[in-house]
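For reference, the structure is listed below as structure tokens.
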Amino acid sequence: MKKLLNGKDLADYIKQRQAKDVRSLIQAFNKHPKLAIIQAIDDPAINIYVKLKKLYGSEIGIEVDIHKVEQSKIESLIKQLNKDDSVHGIIIQLPIEDESKTEELINLVVKEKDVDALAKKTDFDPATPTAILWLLAGYNVSLKDKKVLLIGRGKLVGAPLEKMLKTSDIDLIVADRKTEDLKSLCLDSDIIITATGKPGLITANMIKPGTVIVDAGTASEDGGLVGDLSDDVYRIDNITLTPKKGGVGPLTVCVLFENVIKAVKMSI
């Protein structure tokens, strides 16, 4: 029988606790948490993410300021926000137009406000990789003594998650969407975490019975967001997997705002 790793259910519990944390910070220390999001590209997928973050913030009492600017103005804006004591977290919503500048701009954010945890020096855990681990832990899925396959080496998910998993005693193999023997690697794995942004990359004939699959891939398709799993994967019964919507995403937002709350506490 198919089981779903529903991140939304876990996120609802976390959100309630975070709202209490924010109220406590306001009442005890008069600290009003604020997150600044810098957005340089007007894209449907990006707009959805930014909108979700603003909504989540309002639901737990954290102010979210969205700064839509040209890429040429990002550097001066970061420097301004770094010095603003009322701002506790700063995010550069990726991608930006000239991706060769990504690393340089991200590293301008001071480590105390780098709530996306993308800079070389940061005080926080990366949002999506942490969300994946929260999701698996929330459903009592252990990575110990399992063959774990991580597909994707992207800056936001694959690379930081690989780093986190390699510090543990886990039987890990890392691949990407161009790996020639990807099908055989999938069939040999107990747990598959995929984050390539390639729609339909993983198909039903690549999955063995009993596999646990976490789809953290995101791509824009026909005005909506889709993951790495083909539709036929969802028709398999004897597996455990994230749903098409409400899997890793809701918990990623939770981790992000957890980092904002942590940033506020560190500033006290």
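Before moving on, here are some points about what is shown:
- Qualifying residue in the stretch 175-191 (condition: part of a strand (DSSP E or B), of a type in the set (Gly, Ala, Ser) and buried (at least 16 other Cβ atoms within 10 Å of the Cβ)): yes
- Only residues that are surrounded by 14 or more Cβ atoms within 10 Å (Cβ to Cβ), under 30 Å from residue 21 (Cα atoms) and not charged (D, E, K, R) were counted across the stretch 48-79, and they come to 14.
- For the stretch 230-261, a residue qualifies if it is charged (D, E, K, R) and surrounded by fewer than 18 Cβ atoms within 10 Å (Cβ to Cβ), and the qualifying residues are 231, 232, 235, 237, 244, 245.
A short reminder: the numbers here are calculations on the coordinates, not readings from a lab. What you see is a predicted model; the values in this text were computed from it and never measured. Note that each Cβ is placed from the backbone with ideal geometry, even for glycine, and that neighbours are counted across all protein chains shown.
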